[in-house]
Amino acid sequence: MKYVGSVRFFKHIIWLTVLAIVIAAFGVGISGYAKSNELAKQVNSLQEQLAALPEKAEPAPLPADDSAALSYQQLYPELYSSANDTVKSIPYGKTAYLTFDDGPSTLTADLLDQLDAYDVKATFFVTAQNPAELDMIAEAARRGHTVGIHSYSHKYRAVYESVEAFLEDFDKMYQVILEQTGQPPEIFRFPGGSINAYNTDLYQQIIAEMTRRGFVYYDWNVYAADTADGASAETIAAAICDGAAKNRFAVIDCHDGSGHQHTVEAIGIAIENLRAEGFTFAPLTPAVTPVHFSYVQEGQ
Ligand code: ZN
């Protein structure tokens, strides 16, 4: 921006005028009350003009590499969703959203049968960690569950190395789900949740980029604690029910994967107990108000 004529220029002119008046006052000596009063008025007037000028009227200069920093916006030109445009709401009444991260696995078939036995629809945030089980993604969708993106590799360090690395992993999983279900996925869950120990420097950029692309992400407000040491069907069911008791709108984080047999066993108990408390169950969709972390949580 040109200096002459800029807000900064006029500020400098006014300060110079004030300075000149003060110097002049010293030079001639302040003689008489009327003269100094007149001087004070002029100074006040100038100070008011100065205060009226807008602060920070000049935009900060862009960093030299700004265009390069946002070049990831040009990547994957097909990787967009309209999910963000859907009007969102929290349902009336107690509602529980069972969500399962990290599958499909060798346990997914059992999990789907459990959910069918109770006529409950849930949400699967899936990965490609078990290539032999990928057809269970299609099966989950066929049975009426929502399938969302979790991560292709689920390797935190690699996924959160850069925004570009996140996009690459996300797009790969997007393609797998599209291939399996015939439907483009609309919602996702960050590996480790939206704010975690691996993405503290990047999460704001990644969230901004994925939101710009129209995708909706869900963290959770109830943790099933099924990754805790010594977790059993009873401790998991209790964690789900205790957590849901504090949230009539309960987004429950569970896991589908090797070592999570107890989660499969816990689901029936949890569903029965929550129903007794007046909860109904639903799958997440872009019409459900997202639950987002605003600080780093424990137990991720
Ligand atoms: Zn995960």
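One residue is enough: does region 86-97 have a residue meeting the conditions in the same structural domain as Ile252 (by TED's automatic domain parsing) and within 16 Å of the ligand (Cβ to nearest atom)?
No: zero hits.
Inspect all residues belonging to region 131-148 and state whether any of them is under 25 Å from Ala250 (Cα atoms), outside any helix (DSSP H, G or I) and within 16 Å of the ligand (Cβ to nearest atom).
For region 131-148, residues under 25 Å from Ala250 (Cα atoms), outside any helix (DSSP H, G or I) and within 16 Å of the ligand (Cβ to nearest atom): present.
Go through (1) of a type in the set (A, V, I, L, M); (2) over 22 Å from Val251 (Cβ atoms); (3) more than 16 Å from the ligand (Cβ to nearest atom) one by one and return the number of the condition Ala158 breaks.
The one condition Ala158 does not meet is (3).
Within region 182-227, how many residues are aliphatic (A, V, I, L, M) and more than 28 Å from Glu265 (Cα to Cα)? Before the answer, list the steps.
Kept after step one, since they are aliphatic (A, V, I, L, M), are these residues of region 182-227: 187, 195, 197, 202, 206-208, 210, 216, 222, 224-225.
Adding the requirement that they be more than 28 Å from Glu265 (Cα to Cα) leaves 195, 197, 202, 206-208, 210, 216.
Residues in region 182-227 being aliphatic (A, V, I, L, M) and more than 28 Å from Glu265 (Cα to Cα): 8 in total.
Among the residues of region 170-189, which ones are assigned to a helix (DSSP H, G or I) and over 17 Å from the mean Cα position of the chain (by Cα)?
Within region 170-189, the first condition is being assigned to a helix (DSSP H, G or I), and the residues that meet it are 170-181.
Asp171, Lys172, Met173, Tyr174, Gln175, Val176, Ile177, Leu178, Glu179, Gln180, Thr181, listed by residue number.
If I filter region 173-223 down to residues being under 25 Å from Leu98 (Cα atoms) and of a type in the set (D, E, K, R), which single residue comes out as nearest to the ligand (Cβ to nearest atom)?
Arg189
Would region 191-209 turn up any residue that is in the same structural domain as Asp110 (by TED's automatic domain parsing), outside any loop (DSSP other than H, G, I, E, B) and buried (at least 23 other Cβ atoms within 10 Å of the Cβ)? Even if it seems obvious, please write down each step before you answer.
Within region 191-209, the first condition is being in the same structural domain as Asp110 (by TED's automatic domain parsing), and the residues that meet it are 191-209.
After this cut, where a residue has to be outside any loop (DSSP other than H, G, I, E, B) as well, the list is 203-209.
Then keep just the ones that are buried (at least 23 other Cβ atoms within 10 Å of the Cβ); that gives none.
No: zero hits.
Taking region 219-245 only, how many residues are touching a residue at least 40 places away in the same chain (Cβ under 8 Å) and polar (S, T, N, Q)?
Of the residues in that region, 2 qualify.
Among the residues of region 87-127, which ones are of a type in the set (D, E, K, R) and part of a strand (DSSP E or B)? Spell out the reasoning first.
In the first step, residues of region 87-127 are kept if they are of a type in the set (D, E, K, R); the result is 88, 94, 101-102, 110, 113, 116, 119, 121.
Once the filter is applied, which keeps residues that are of a type in the set (D, E, K, R) and part of a strand (DSSP E or B), region 87-127 yields only Asp101.
With the condition kept exactly as written, say whether any residue in region 117-128 is surrounded by 23 or more Cβ atoms within 10 Å (Cβ to Cβ) and out of contact with any Ser or Thr (no Cβ under 8 Å at 6 or more places or on another chain).
Just the residues of region 117-128 that are surrounded by 23 or more Cβ atoms within 10 Å (Cβ to Cβ), to begin with: 122-127.
Still in the running and out of contact with any Ser or Thr (no Cβ under 8 Å at 6 or more places or on another chain): 126.
Yes.
Among (1) touching a residue at least 40 places away in the same chain (Cβ under 8 Å); (2) within 11 Å of the chain's Cα centre (by Cα), where does Ala208 come up short?
Here Ala208 clears every test but (1).
The values are calculated or read from the model by the stated rules, or taken from the named source; none is laboratory data. Computed from a predicted model, the values in this text were never measured in an experiment. Cβ: placed from backbone, ideal geometry, glycine included. Neighbour counts: every protein chain shown.
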